[in-house]
Amino acid sequence: MHSIRAEALSALLKTDVNSKLAATLGINGKSGLELSSLLQANSGRLPCSPAKPILVHPSEVKQRSVHTKEGRAILIHALAHIEFNAVNLALDITWRFDNLPNQFYLDWVKVAKEEAHHFRLLRNHLNGLGFEYGDFPAHNGLWEMAEKTKDDVLARLALVPRTMEARGLDVSPGIRDKLRSVGDIEGAAILEIILHDEIGHVTIGNHWYHRICAERKLDPTKTNTELALQYGAPSPRAPFNVEARRQAGFTDDELTMMGAS
Ligand SMILES: [Fe+2]
Ligand SMILES: [Fe+2]
């Protein structure tokens, strides 16, 4: 158990996609790796992106109609890239923050492994369309919020799992339906798996956010608004998947605040 954070950092530091996936899925807390020596040897190396996809400004990321094979591949590629980032984000929250209960680290390792699974499902599907991860440009927006919130676990929980990951709950049903409408049944099934698992991830984010708010004697709803402002996070916007958000532990107060009920 004591080396679990070091193993997460070691996986995060890998730039080769397959090595990162293997290292993530292999985290077991038994390697004996030391966090301090890994940090010393690798200071300044984060984030560790593979050579491809090339990273561009969000406005330069192509979008095409999903009625064409290439358009569908671009969509699946974008989703795979989100999952690749999600692996990194879950690894990062696992290693970065000190003095939390063991269960915190175990929860985020579980998330990292599920993100690796999501990535693999999408990459296999992309391969079936004749493309590879890295064939299209991508953007780095998700990692930027991780950078900004690297000094405060509460800000990280508020703005990554509870904002950006929760946004996935809102948009996945629409993407699933779009894929189904063009006959991509396999793609739609993958989106269904992801939606199911992401409810679990947001639940974990909500659990720890509320727990740390309680420890710091902070009002969760008010604090979230303040943190979003302070860190320039995107505001939640309709339409909301209220049912999934409820299942993931958003309170009535929070749903009302974001205009979702
Ligand atoms: Fe995911
Ligand atoms: Fe997730």
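Any read-out appearing in this document is the output of simple, stated calculations on the displayed coordinates, not a laboratory observation. This is a predicted model, so every value here is computed, not measured. Every residue, glycine among them, receives a Cβ derived from its backbone with ideal geometry; neighbour counts consider all protein chains shown.
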Which whole-angstrom value gives the distance between the alpha carbon centres of the stretch 149-228 and the stretch 54-116? 12 Å
Of the listed pairs K150/K178; K20/K148; K69/K148; K178/K217; K20/K222; K52/K113, those with alpha carbons more than 32 Å apart are K150/K178; K69/K148; K178/K217; K20/K222
Among residues other than S172 whose Cβ falls under 13 Å from its Cβ, what is the net charge (Lys/Arg +1, Asp/Glu -1)? -3
Calculate for the chain the 222 nm mean residue ellipticity that helices alone would give, adding -39,500 (n - 2.57) per DSSP H run of length 4 or more and normalising by residue count, nearest 500 deg cm²/dmol. -20500 deg cm²/dmol
Hey, what's the Kirkwood Rh for the stretch 84-200 if you take every pair of different alpha carbons, in angstrom? 15.4 Å
List S37, S59, S172, S49 from most exposed to least, where exposure is judged by having the fewest other Cβ atoms within 10 Å. S59, S37, S49, S172
Normalized C-alpha radius of gyration of the chain, against 2.2 N^0.38 Å? 0.99
Just to verify a number: FRET efficiency for Q40 and L218, C-beta to C-beta distance, R0 = 35 Å, to 0.05? 0.55
If I take all pairs of Cα atoms in the stretch 1-123, what percentage of them are more than 17 Å from each other? 58 percent
